[in-house]
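**Student:** After the structure tokens below, expect a handful of questions from me.
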Amino acid sequence: MIKKIIIIFFILTFGTHASPPNYFNEAKDLYEKKDFEKSKFLFQRHIVFNPKDHLSYLYLAKIFKGEENKEEHEKNLNTTLLLDPKNEEALYMLIEVELEKSNFDKVSELNEIFSSICKNMCTKKQTISKKLQDLKANNE
């Protein structure tokens with residue numbers, strides 16, 4: 001009986017596969033403390049072990065926006081939306097990117113998607129529509 005208990009103990013202790021490390025919470029805490037370099041590193045590390053974690057890509061997009069790295073900012077927003085197509089915050093941020101580029105067709109397309117999924121950020125939808133109208137008027 002004791003042998004069985006010892007064997008079960010060893011199997012449970014050493015026989016299970018370790019789950020991948022989760023750096024997200026630490027990275028988010030550092031982000032909130034505005035330690036962007038360390039949080040960026042931990043979000044990227046988290047993605048290595050959890051490549052489908054859309055929130056890590058979203059936070060990286062925010063960090064790259066602050067660094068004014070437009071290419072990485074947009075790339076991480078697109079990855080966020082690939083993994084979570086209904087992410088309102090990422091969609092809104094991508095609309096802002098496309099507005100800066102004066103890409104009206106893309107803004108209209110994204111605005112339609114945003115309107116259909118908008119739950120938490122619906123007041124921002126009106127802002128997008130207003131900006132789009134103003135830009136179209138200025139270009140005419």
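**Student:** If we count other beta carbons within 10 Å of each Cβ, what is the order of Ile117, Ile63, Ile95, fewest first?
**Tutor:** On the way: Ile117 13, Ile63 21, Ile95 26.
Listing Ile117, Ile63, Ile95 from fewest to most nearby Cβ atoms yields Ile117, Ile63, Ile95.
**Student:** Determine, for Asp134, Asp105, Asp84, the number of other Cβ atoms within 10 Å of each Cβ, and report the residues in order from fewest to most.
**Tutor:** Working: Asp134 11, Asp105 8, Asp84 18.
Ranked by crowding around the Cβ, least crowded first: Asp105, Asp134, Asp84.
**Student:** Restrict the search to the range 61-123; then list the GluC sites (Glu not before Pro) that DSSP places in a loop and that have at most 13 other Cβ atoms within 10 Å of their Cβ.
**Tutor:** Values: sites: Glu67, Glu68, Glu71, Glu72, Glu74, Glu88, Glu89, Glu96, Glu98, Glu100, Glu109, Glu112; in loops: Glu67, Glu68.
Passing both the DSSP loop test and the Cβ count: Glu67, Glu68.
**Student:** Can you give the extra length, in nm with one decimal, that the chain gains between Asn78 and Asp35 once fully stretched, where that is 0.36 nm per residue apart less the Cα-Cα distance? Working shown, then result.
**Tutor:** Details: separation 43, 0.36 × 43 = 15.48 nm, distance 2.40 nm.
Here the segment from Asn78 to Asp35 would lengthen by 13.1 nm.
**Student:** Could you pull out every residue, at least 5 positions away or on a different chain, whose amide H is within less than 5 Å of the one on Asn103? Hs are placed 1.01 Å off N in the peptide plane, and Pro or chain starts have none.
**Tutor:** none
**Student:** How much length would be gained if the chain were fully extended between Ile117 and Glu26, taking 0.36 nm per residue of separation minus their Cα-Cα distance, in nm to one decimal? Display every interim value, and only then the final one.
**Tutor:** Values: separation 91, 0.36 × 91 = 32.76 nm, distance 2.99 nm.
29.8 nm is the gain from fully extending Ile117 to Glu26.
**Student:** With a 10 Å Cβ neighbour count serving as the proxy for reagent exposure, in which order, fewest first, do Val48, Val97, Val107 appear?
**Tutor:** Values: Val48 10, Val97 19, Val107 25.
The most exposed by this proxy come first: Val48, Val97, Val107.
Read the figures in this text as sums done on the coordinates, not as results from a lab. These numbers were taken from a predicted model, which means no experiment stands behind them. As a convention, Cβ positions derive from the backbone with ideal geometry for all residues, glycine included, and neighbour counts pool all protein chains shown.
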